[in-house]
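Okay, so here's the structure we're looking at.
The values are calculated or read from the model by the stated rules, or taken from the named source; none is laboratory data. Just so it is clear, the structure is predicted and the values come from calculations on it, not from any experiment. Neighbour counts run over all protein chains shown; Cβ positions are idealised from the backbone, glycine included.
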Amino acid sequence: GTLPGEKTHTIYCLLGLVSFHKFSLWSLFPQFGRTEVIDNTLNPDFVRKYILDYFFEEKQNLRFDFGQSLQVFPWEALNVFLSLLHRGIPGKKCGTIVLSAEELSNCRDSATLQFCANKLDKKDFFGKSDPFMVFYRSNEDGTFTICHKTEVVKNTLNPVWQPFTIPVRALCNGDYDRTIKVEVYDWDRDGSHDFIGDFTTSYRELARGQSQFNVYEVINTKKKMKKKKYVNSGTVTLLSFSVESEFTFLDYIKGGTQINFTVAIDFTASNGNPSQSTSLHYMNPYQLNAYAMALKAVGEIIQDYDSDKMFPALGFGAKLPPDGRVSHEFPLNGNMENPYCNGIEGILEAYHQSLRTVQLYGPTNFAPVVNHVARYAAAVQDGSQYFVLLIITDGVISDMAQTKEAIVNGAKLPMSIIIVGVGQAEFDAMVELDGDDIRISSRGKLAERDIVQFVPFRDYMDRTGNHVLSMARLAKDVLAEIPDQFISYMKSRGIKPNPAPPPYTPPGHMHHHTQI
Ligand SMILES: *[C@@H]1O[C@H](CO)[C@@H](O)[C@H](O)[C@H]1NC(C)=O
């Protein structure tokens, strides 16, 4: 299978049967790797491991092909012909693959380090130096990326910097032997900091902690070349080192935490009459409208984290039959006792059914659906569930004060809110709710965490406004913040993931891990 977006790995694993040889071959393009060959068995147990990047917000399809080699000698032609006949027929079951995956452990470690320096060069005309350090990790291509800057210690040649904590991933990309470069500067008010010198180390060296190995000479190469008697520009000493493992989003998912995905759709009159092609709710038999596209793009990624794939779906801002009362939280399938829809297709079906039965009305109130999900989230605060509410709207919000209040309250609960704005409206209010720049507050209370992500759907359409450029990119942008929001909740409440159940091992097989 191929994936939209740039991070596409298609894996071909061809396992074959030529007389009594069995092996696998990963070939064709864009391939990711090939397993080793295992002779003479119908139950091969591959041990080679592959490292893949994992992105919560993307659908990362992998394809495994088992096939056979055609590298044969002429006198084996008959065997090849016979084995071709025995090839798998598409759609016909010819065995099962058991895949095991685990997260690389060094992706979750954070190191805490403290340094001091001695006898650094004096750079300031008046007074001493104002030293600070800049840490760089090296990249595979030999370039360097800045990963940490210490604070400035004023007017000293023997500074002691505060301890700092940094993900091991940021320091060395999980590669313990990769070069880490450290530059020492004298801070200047006007930004033209003076270079004192530099040194290199690695995570493996730093991890030895305070010892004679972790005292580094700070060298200024230019100065060294000019002055014969140059020794160094001072030394930097590691005072302490410790490393701590942090839980990741996948630890919780493996421990059984479920994502409860709820959808809320805007049924206000400003969307336009669904029977007209100008309407955002236009029921086009040949093409999904913006609401359906946004729902599908986001829902198809999130549903993989929900084991029963039964999703509650709500509508707001419509007049309901039979009495014509206005509702701001009605079930799309018309069943308040059981608002669940079966999969994304089920939601789309219920959405179309609602469009045919309710009357688009107003105003556009968000607070009732936010409070609806918050009520459920308040009942499960043990980390077994995390709630994601997707609101799709044309954006002219009428209850801003109540919505802010609902969001500030929701920030204390295991929930996140995704807002997709469709149509051409001004989305200033949505940007404000998003809180990326200014954390939202209500009646003087600041939200405990950022739980809202907003994206305007039109950013993903082509110039004619008819075609979505990339559903995958839309999903990526709205979902990217969810794992961090999720972790921020679990951390703030001191919730640890449950231990993962033991991996499935088919009868008669030894277990191997494949790392992802
Ligand atoms: C998920 O949340 C909705 C509210 O948005 C609620 O109706 C439903 O019961 C929840 N599902 C589970 C399994 O708790």
* What number goes with the only condition from (1) touching a residue at least 40 places away in the same chain (Cβ under 8 Å); (2) in the same structural domain as D477 (by TED's automatic domain parsing); (3) crowded, with 17+ Cβ neighbours inside 10 Å that S307 does not pass? -> (3)
* For segment 429-441, indicate whether the set of residues that are at pLDDT 95 or above and assigned to a strand (DSSP E or B) is non-empty. => no
* To do: Within segment 213-262, work out how many residues are within 30 Å of M490 (Cα to Cα), among the aliphatic types (A, V, I, L, M) and more than 16 Å from the ligand (Cβ to nearest atom).
  => 2
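Residues checked against (1) touching a Cys at 6+ places or on another chain (Cβ under 6 Å); (2) within 23 Å of N271 (Cβ to Cβ); (3) of a type in the set (V, I, T):
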{"residue": "V396", "(1), (2), (3)": "no, yes, yes"}
{"residue": "Q402", "(1), (2), (3)": "no, yes, no"}
{"residue": "V420", "(1), (2), (3)": "no, yes, yes"}
{"residue": "A447", "(1), (2), (3)": "no, no, no"}
* Test set (1) outside any loop (DSSP other than H, G, I, E, B); (2) more than 16 Å from the ligand (Cβ to nearest atom) - F387 fails condition number -> (2)
* Selection within segment 390-412 - assigned to a strand (DSSP E or B) and over 23 Å from the mean Cα position of the chain (by Cα) -> T393
* Asked: Limited to segment 218-238, what total is found for residues that are closer than 21 Å to P159 by Cβ and either among the β-branched types (V, I, T) or in contact with a helix residue (DSSP H, G or I) (Cβ under 9 Å, 6 or more places away or on another chain) (or both)?
  -> 9
* Structure fact -> With criteria (1) part of a loop (DSSP other than H, G, I, E, B); (2) in contact (Cβ under 8 Å) with a residue 40 or more places away in the chain; (3) not assigned by TED's automatic domain parsing to the domain that holds Y376, P274 comes up short on (3)
* State yes or no: is S442 in contact (Cβ under 8 Å) with a residue 40 or more places away in the chain, farther than 30 Å from Y252 by Cα and surrounded by fewer than 20 Cβ atoms within 10 Å (Cβ to Cβ)? => yes
* Among the helices (runs of 4 or more DSSP H) lying completely within segment 169-268, list those that include at least 3 residues that are farther than 30 Å from P339 by Cα. => 203-206, 221-226
